[in-house]
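Please read the structure below before turning to the comments.
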Amino acid sequence: MTAGDGGRFPTELPRREFIKLCLTATAMMGLPLSMHGRVASTVQSSARPAVIWLHFQECTGCSESLLRSSHPSVSSLILDLISLDYHETLMAGAGAQAEQTLRESMAANRGKYLLVIEGAIPKAQNGIFCKVGGKTALELIREVAPGAAAVLCIGTCSSFGGIQSVGVNPTGAVGVKDLVTDKPIINIPGCPPNPYNFLSTVLYYLTFKRLPELDAMGRPKFAYGRKIHEHCERRPHFDAGRFAQAYGDAGHAQGHCLYKLGCKGPATYANCSVQRFNDVGVWPVSIGHPCIGCTEPDILFKLPIAEKVQIHDPTPFDSYAPANLKEKGKGPDPVTTGVVGLAAGALIGAGIMLAKKLPNSAPAQTGETQHHEPAE
């Protein structure tokens with residue numbers, strides 16, 4: 001898309017950053033590169049989706065993470081990409097003025113607005129443990145959810161109940177799915193989640209007018225379809241049997257695998273190591289802290305940080321190094337490497353010969369998402 005196409009570039013987003021945003025979102029959603037033009041057209045559309053954002057039992061960390069995104073900045077997100085009509089932390093209005101804005105947006109966009117919920121909802125004692133504007137969280141969600149086109153649960157608290165629901169759970173905190181049963185629900189868990197997972201989910205919905213493919217827990221597969229362990233930069237150390245034994249030891253300093261320190265990566269589905277946070281280029285494991293499984297309802301706040309999780313199957317196949325090795329891996333055998341290289345060369349050669357016999361025609365672009373299930 002160019003300025004001459006009649007499209008509307010976001011006013012505060014330079015062209016180069018705009019194209020980068022569209023390409024990044026296209027890649028994150030698992031779409032073919034050729035689809036970035038369609039994503040760009042959606043972003044440039046003059047019709048901005050109305051978004052109502054409600055806060056309940058939470059720490060506002062999800063909103064704080066969104067505030068620190070820069071591609072786009074939060075101002076471009078609010079002013080150009082979406083119409084954030086109600087957000088108790090970010091909106092200028094307060095009190096009666098804020099409540100009037102909420103009612104007006106609900107009436108004007110009924111059946112079309114996206115409802116974003118941050119935080120768990122307490123049910124005990126009729127929900128008295130969380131009130132906004134004189135209404136309990138229970139009352140608000142029952143009032144606002146019926147008019148929404150879809151509900152986006154941002155963060156683990158709204159997705160699964162979060163830390164409020166752990167243990168005795170005195171407030172009776174639950175996730176949104178336990179209360180809203182007649183609307184499409186998309187869970188974007190994390191503590192906090194990556195803001196680009198949220199943005200890409202919104203762009204997918206706007207581009208294709210439907211929800212992205214979800215896993216069994218209601219999470220977009222493009223962001224939560226693979227375990228962190230499968231694409232972690234420390235994975236080669238795991239395969240070679242190189243583990244940090246304690247914080248600050250030689251292995252820890254050299255970037256060895258953190259499994260023995262309780263890393264939950266082998267049981268956690270997320271894209272943290274690929275789509276890192278807020279353009280800083282780091283994530284917890286890269287700076288030496290084990291993954292705590294913040295996208296998983298049965299791990300976060302329920303397992304001690306130092307506790308190890310099961311690696312794949314109870315009896316993993318023998319290409320995995322045992323986690324109790326004290327010696328470093330010895331590397332590949334030269335003879336085996338040579339044999340594998342010859343086999344790979346033969347397969348590549350056969351593939352080239354086959355390709356020459358295929359008709360030289362490009363497949364039609366359908367605009368549909370291509371999903372690939374991870375191999376376990």
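Taken together, the values in this text are just the output of simple stated rules run on the coordinates, not laboratory data. Predicted model, so just to flag it, every value in this text is computed and none were measured. Here the Cβ positions follow ideal geometry from the backbone for every residue, glycine too, while neighbour counts run over all protein chains shown.
With the highest mean first, a sort of the peptides 292-298, 139-145 on other beta-carbon atoms found within 10 angstrom per residue produces 292-298, 139-145.
Backbone amide hydrogens, once placed in the peptide plane, bring Tyr113 within less than 5 Å of Ala149, excluding anything fewer than 5 places away on its chain. Whole Å is fine, so just give me how far the alpha carbon centre of region 81-105 lies from that of region 254-307. Measuring centre to centre over Cα atoms gives 35 Å.
Relative protection proxy for 262-272, 114-124, from highest mean packing down: 114-124, 262-272 (other beta-carbon atoms within 10 angstrom). Electrostatic tally near Cys130: other residues with Cβ closer than 11 Å to its Cβ, Lys and Arg +1, Asp and Glu -1, net +1. A simple spin-label model places pseudo-atoms 7 Å from Cα toward Cβ; at Ala96 and Arg68 they are separated by 3.9 nm. The alpha carbon gyration tensor of region 95-203 gives principal lengths a ≥ b ≥ c with a/c of 1.5 or higher and a/b no greater than b/c, which makes the shape oblate.
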